[in-house]
1. For LEU17, are the conditions met, namely being closer than 18 Å to GLU133 by Cα and not basic (Lys, Arg)?
2. How many residues does region 59-90 contain that are in contact with an Asp or Glu (Cβ under 7 Å, 6 or more places away or on another chain), among the β-branched types (Val, Ile, Thr) and not in a helix (DSSP H, G or I)?
3. Considering every residue within region 47-57, establish whether at least one is touching a Phe, Trp or Tyr at 6+ places or on another chain (Cβ under 7 Å) and either within 24 Å of VAL135 (Cβ to Cβ) or not in a helix (DSSP H, G or I) (or both).
4. State whether the residues of region 117-125 include one that is within 30 Å of ALA38 (Cβ to Cβ) and either part of a loop (DSSP other than H, G, I, E, B) or within 20 Å of the chain's Cα centre (by Cα) (or both).
5. Please go through region 1-39 and give me each residue that is surrounded by 12 or more Cβ atoms within 10 Å (Cβ to Cβ) and hydroxyl-bearing (Ser, Thr, Tyr), ordered by number.
6. Which condition does ILE60 not pass, out of (1) surrounded by 13 or more Cβ atoms within 10 Å (Cβ to Cβ); (2) of a type in the set (A, V, I, L, M); (3) free of Cβ contacts under 8 Å to residues at least 60 places away in the same chain, if it passes all the others?
7. Using the structure shown, decide if THR66 is in contact (Cβ under 8 Å) with a residue 12 or more places away in the chain, exposed (fewer than 13 other Cβ atoms within 10 Å of the Cβ) and not aromatic (Phe, Trp, Tyr).
8. Given the options ALA78, ALA85, ALA114, ALA106, name the one that is over 26 Å from ASP142 (Cβ atoms), modelled with pLDDT of 95 or more, of a type outside the set (S, T, N, Q) and in contact with a helix residue (DSSP H, G or I) (Cβ under 7 Å, 6 or more places away or on another chain).
Amino acid sequence: MRPDAGRVLQGIAVNLLSNVMPEIRTPFGQQTVGIAGALAMMLAEESDRAANRLSVESAIIRGILTDGLPLTRDEAHAAVSAALATPAPADIRVSSLLAENDALRAGLIALHAAVEQLDTPEGHAMDERIWAELVESTRRRDFQAKML
């Protein structure tokens with residue numbers, strides 16, 4: 001047997017929402033079961049897309065950091081350089097991809113703080129590029145399964 005986390009979680013969600021919810025007598029109990037079902041659906045979705053999302057985001061952030069490094073000095077330069085030195089994970093486990101992504105995002109924060117202080121066309125362009133990626137990153141995390 002090879003359990004598929006996404007399918008298992010979807011099955012739990014459907015069972016909670018279709019079979020258990022009608023048996024619950026109190027509004028509090030119904031709300032609790034509804035939330036548990038919705039969270040299981042969201043976890044199923046995230047378990048399927050997490051590795052791809054993290055890989056895509058890490059590649060994009062590495063590109064931003066590489067292009068932004070020349071705009072930094074001192075502490076920001078060191079932080080962006082350290083983030084860029086983060087090795088790509090040796091495996092594709094979500095925990096490994098997340099560790100890489102977290103390290104790169106620390107560099108992105110330093111870069112963003114640095115370019116916000118620059119009153120140059122390059123600084124403004126990089127600031128806009130960073131904001132655009134932050135918006136897209138948020139969109140990538142949107143769920144098809146919505147809370148009830």
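1. Details: closer than 18 Å to GLU133 by Cα: no; not basic (Lys, Arg): yes.
Considered against the rule, which asks whether it is closer than 18 Å to GLU133 by Cα and not basic (Lys, Arg), LEU17 comes out as no.
2. So the count comes out to 1.
3. No - not one qualifying residue is present in region 47-57.
4. no
5. Quick first cut of region 1-39, residues surrounded by 12 or more Cβ atoms within 10 Å (Cβ to Cβ) only: 4-17, 20-21, 24, 29-39.
Scanning region 1-39 gives a single hit, THR32.
6. Result: ILE60 fails condition (3) only.
7. Here the answer is yes, as THR66 does meet what is asked.
8. It is ALA114.
The values are calculated or read from the model by the stated rules, or taken from the named source; none is laboratory data. Since the model is a prediction, treat every value here as computed from it, not as a measurement. For neighbour counting, all protein chains shown are included, and Cβ atoms are generated from backbone atoms with ideal geometry for every residue, glycine included.
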